[in-house]
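Asker: Below: one structure in structure tokens.
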Amino acid sequence: MKLPRLDQIPRTPDEMTALLLEAGRAGAYVKVSMEARRRRLTENDIAIIERGIIAEVTTVDPRIADEFTTFEVEPAFAQAKALLIQFFANAKVARVQDINKS
């Protein structure tokens, strides 16, 4: 997947998926980092943040969907949701492995 240039809107489903995926990853990093500065986070805290990011990034707003006339946005949003779920699951496995090494 290739990200569109920052001065362009996504022109293909792959560009839209890549953009949503990056937005989700960046959003999760920011929110988890901010919360971790305030307090120690549990896996449950992180999971709540991740679910919120998934809902925030992959909910199709009809007003947005109508702006893209060259492709249907729903499949791109669905693919981004699946990829974010997979990414967060892999991140959790890595965190658990890191904790077990300690």
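The values are calculated or read from the model by the stated rules, or taken from the named source; none is laboratory data. Since we're looking at a predicted model, the values are computed, not measured. In this analysis, Cβ positions are derived from the backbone assuming ideal geometry, glycine residues included, and neighbour counts consider all displayed protein chains.
Asker: Name the single residue, out of those in the range 25-61 being within 9 Å of the chain's Cα centre (by Cα) and crowded, with 17+ Cβ neighbours inside 10 Å, that is nearest to P75 (Cα to Cα).
Answerer: T58
Asker: A further question on this structure: Which residues, counting only those in the range 83-102, are surrounded by 12 or more Cβ atoms within 10 Å (Cβ to Cβ), within 18 Å of A23 (Cβ to Cβ) and of a type outside the set (F, W, Y)?
Answerer: Scanning the range 83-102 gives L83, L84, I85, A91.
Asker: Collect the residues in the range 56-67 that are within 27 Å of S33 (Cβ to Cβ), assigned to a helix (DSSP H, G or I) and of a type outside the set (V, I, T), keeping them in residue-number order.
Answerer: The answer is E56, and nothing else.
Asker: Determine the pairs where a residue that is on the phi > 0 side of the Ramachandran plot and aromatic (F, W, Y), located within the range 1-19, has a partner that is at pLDDT below 90 and outside any helix (DSSP H, G or I) with Cβ atoms under 9 Å apart, the partner being 6 or more residues away or on another chain.
Answerer: Filtered contacts from the range 1-19: no entries.
Asker: Follow-up question, since we're still on this one. Name the residues in the range 51-77 that are under 18 Å from A26 (Cα atoms) and free of Cβ contacts under 8 Å to residues at least 40 places away in the same chain, would you?
Answerer: Within the range 51-77, R51, G52, I53, I54, A55, E56, V57, T58, T59 meet the criteria.
Asker: Would you mind stating whether A80 is assigned to a helix (DSSP H, G or I), in contact (Cβ under 8 Å) with a residue 40 or more places away in the chain and of a type in the set (G, A, S)? Step through it out loud before you land on a result.
Answerer: Working: assigned to a helix (DSSP H, G or I): yes; in contact (Cβ under 8 Å) with a residue 40 or more places away in the chain: yes; of a type in the set (G, A, S): yes.
Against the criterion (assigned to a helix (DSSP H, G or I), in contact (Cβ under 8 Å) with a residue 40 or more places away in the chain and of a type in the set (G, A, S)), A80 qualifies.
Asker: Please find, among Q86, Q97, the residue that is modelled with pLDDT under 95 and under 23 Å from V30 (Cα atoms). It would help to see each step written out before you state the result.
Answerer: Working: Q86 fails: modelled with pLDDT under 95.
Answer to the check: Q97.
Asker: Ok, one more. If you go through the range 46-55 one residue at a time, do you hit one that is assigned to a loop (DSSP other than H, G, I, E, B) and on the phi < 0 side of the Ramachandran plot?
Answerer: Here is the first cut: in the range 46-55, the residues assigned to a loop (DSSP other than H, G, I, E, B) are none.
No: zero hits.
Asker: T70 passes all but one of (1) within 29 Å of P13 (Cβ to Cβ); (2) in a helix (DSSP H, G or I); (3) β-branched (V, I, T); which number fails?
Answerer: For T70, the exception is condition (2).
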